[in-house]
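Notes follow the structure.
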Amino acid sequence: MVVRRPPGRRAQILAVAADRFHRSGYHQVSMTEVAAGVGITAPALYRHFRGKPELLDRAVRLGLDALACGLRGARTTGDLGAALAAVAVGHRPLGTLVQRDARLLPPARRAALRRELRADVALMTAVLRAGRPELPAPDAELLCWSALSACTGLSYQSAAPQPRRAEAVLRELVAAVLAASLRGAAAHPDPAAHPGPALIPVSAADPVAPGPPEPRPQARREELLAAAVRLFHQRGFDNVSTDQLGAAVGISGPSVYRHFDSKAQLLAASLVRSRERLWQEVDGAFAAAAGPEAALAAGLGAYVGFALRNGDYLGAMLSETERLAPPDRRVAVDFRRDFLRTWVGLLRRVRPECDAVEARIRVHALFALVNDGVRNRPHSARPDLGDCLLHLGRAVLGLPGTDGGRVPAPR
């Protein structure tokens, strides 16, 4: 007897896998769980896909194919906004799959993914410059990457908004980003020289960092926290050994355990320290401002300034939170939720016509735009990046610029 597979079974599997990876993180999802979500057995699932890596690869490719298809038909910036919004809503997990989980793919596939994204942005840039021929190519590319990043913010909302409403808001904020002018942006100093303290002191193992040859235990602990954030962001938690962590600060791998009981504890401590500094800087900016509008502008400046100095933390927060132990993960998620709620409430006070749904979409878009902006080369090396991100952040939030469209550089 021939057993016929239901039509669309592969598409159904990919939809379930993408949703599970999006919600729980790649490492937390098993093939058995995906199979159960589809209503089949694990052996039946393996007849369609060889394993989780192929599932992830195909799920990402499905979303990117939809994006490329939509962009190929775009002729105007309005078309670009419609294509980006449709993919953001119709393939909501795609943002987290690309930004968080795709780095777990084999190197050749990761390289192909980057090429596909660059090709998509090249299509967008050509359309944008056709309508705005005065735009320098680097500015046009930054605007297109920023619009793409802003739409991925929808992936990070815990609950999906009504599709038509979400698409309408996303089209509006994409239009605002693509209409922005970056001319005359004040040159921003190199992030390393940006005023304000670094998140964690530079490692004494760094050849350019002066310091005593044998730091005190507390100083060594701080160095390990800094090294952990950097290495976990760059390589991923599972690809960093205690030997590598120790070498980054000039000690042996086993010596790491004098300061932390486990690599997982080091990850948790490094993210806690980062969250504390982020909240300290942003809340301080809010508190010192006179009125909601000034508070929102000051908070935006503080967030951009923090991001410029601490891109490794933002990357680790995005990619490694799911690797925390359940109690630590709950704390991290609660912080993120409270942080978001604060911004949503403040935006609604500044823009009373903006309801909670729209405010959440815009705030998520802001964070995605800034977080990507400080880590996406070559644009992350722009000397005026801070001012550009502030300008684009105001556009995403739907706020008017100041001083003839200019916004002040972060302090």
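The values are calculated or read from the model by the stated rules, or taken from the named source; none is laboratory data. This one's a predicted model, so the numbers in the text were calculated from it and none came from an experiment. Positions of Cβ are generated from backbone atoms using ideal geometry, with glycine treated the same way; all protein chains shown enter the neighbour counts. Note: accessible area is taken over every heavy atom of the protein model, side chains too, but ligands, DNA and RNA are not part of it. Shrake-Rupley method; radii C 1.70, N 1.55, O 1.52, S 1.80 Å.
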* Asked: Here are Leu56, Leu14, Leu62, Leu67: which of them is crowded, with 21+ Cβ neighbours inside 10 Å, under 22 Å from Ala122 (Cβ atoms) and of a type outside the set (Lys, Arg)?
  -> Leu67
* Look through Gly184, Gly211, Gly250, Gly196 and report the one residue that is at positive phi and modelled with pLDDT of 85 or more. => Gly250
* Determine whether Pro383 is in contact (Cβ under 8 Å) with a residue 60 or more places away in the chain and surrounded by fewer than 20 Cβ atoms within 10 Å (Cβ to Cβ). => yes
* Among the residues of the stretch 24-49 satisfying the criterion of being under 18 Å from Leu105 (Cα atoms) and surrounded by fewer than 15 Cβ atoms within 10 Å (Cβ to Cβ), which is modelled with the highest pLDDT? -> Ser30
* Do we have Leu267 as out of contact with any strand residue (DSSP E or B) (no Cβ under 9 Å at 6 or more places or on another chain), open to solvent by less than 10 Å² (accessible area, probe 1.4 Å) and assigned to a helix (DSSP H, G or I) here? -> yes
* Asked: Considering the stretch 97-128 alone, what residues qualify as being in contact with a His (Cβ under 9 Å, 6 or more places away or on another chain) and modelled with pLDDT of 90 or more?
  -> Leu97
* Asked: How many residues does the stretch 230-264 hold that are open to solvent by 60 Å² or more (accessible area, probe 1.4 Å) and either touching a residue at least 60 places away in the same chain (Cβ under 8 Å) or of a type in the set (Asp, Glu) (or both)?
  -> 5
* List pairs: first in the stretch 136-149 and over 16 Å from Arg362 (Cα atoms), second open to solvent by less than 10 Å² (accessible area, probe 1.4 Å) and β-branched (Val, Ile, Thr), Cβ under 7 Å, 6+ apart or cross-chain? -> Glu141/Val121; Leu143/Val177; Cys144/Val121; Trp145/Val121
* Asked: Out of the residues in the stretch 284-296 that are of a type outside the set (A, V, I, L, M) and free of Cβ contacts under 8 Å to residues at least 40 places away in the same chain, which is nearest to Asp328 (Cα to Cα)?
  -> Gly284
* Report whether or not Ala381 is touching a helix residue (DSSP H, G or I) at 6+ places or on another chain (Cβ under 8 Å) and among the hydrophobic types (A, V, I, L, M, F, W, C). => no
* **Residue within the stretch 334-348 that is among the polar types (S, T, N, Q), assigned to a helix (DSSP H, G or I), open to solvent by 30 Å² or more (accessible area, probe 1.4 Å) and at pLDDT 90 or above present** => yes
* To do: Kindly list, by first and then second residue, each pair from a residue in the stretch 7-29 that is outside any helix (DSSP H, G or I) to a residue that is open to solvent by 30 Å² or more (accessible area, probe 1.4 Å), limited to pairs with Cβ atoms under 9 Å and residues at least 6 apart or on different chains.
  => Gly25/Glu322; Gly25/Arg323; Val29/Arg20; Val29/Arg23; Val29/Lys52
* Scan the stretch 81-104 and report the pairs whose first residue is without any contact (Cβ under 8 Å) to a residue 24 or more places away in the chain and whose second residue is surrounded by fewer than 21 Cβ atoms within 10 Å (Cβ to Cβ) and not hydrophobic (A, V, I, L, M, F, W, C), with Cβ atoms within less than 6 Å and a gap of 6+ or a chain change. => Ala83/Gly70
* How do the pairs read when you match residues in the stretch 361-374 that are in a helix (DSSP H, G or I) with residues anywhere that are basic (Lys, Arg) and open to solvent by 20 Å² or more (accessible area, probe 1.4 Å), using Cβ under 6 Å and keeping only pairs 6 or more apart or on different chains? -> none
* Might you let me know whether the stretch 270-281 holds any residue that is within 27 Å of the chain's Cα centre (by Cα) and over 22 Å from Arg329 (Cα atoms)? => yes
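Condition check ((1) of a type in the set (Phe, Trp, Tyr); (2) farther than 21 Å from Ala287 by Cβ; (3) open to solvent by 40 Å² or more (accessible area, probe 1.4 Å)) across all residues:
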| residue | (1), (2), (3) |
| --- | --- |
| Gly301 | no, no, no |
| Leu324 | no, yes, no |
| Arg329 | no, yes, yes |
| Val363 | no, no, no |
| Ala368 | no, yes, no |
| Leu390 | no, no, no |
| Gly398 | no, yes, no |
* Structure fact -> Note on the stretch 73-112: residues among the basic types (Lys, Arg), in a helix (DSSP H, G or I) and open to solvent by 50 Å² or more (accessible area, probe 1.4 Å) are Arg103, Arg110
* Structure fact -> Counted residues in the stretch 118-142 being in a helix (DSSP H, G or I) and surrounded by 17 or more Cβ atoms within 10 Å (Cβ to Cβ) come to 12
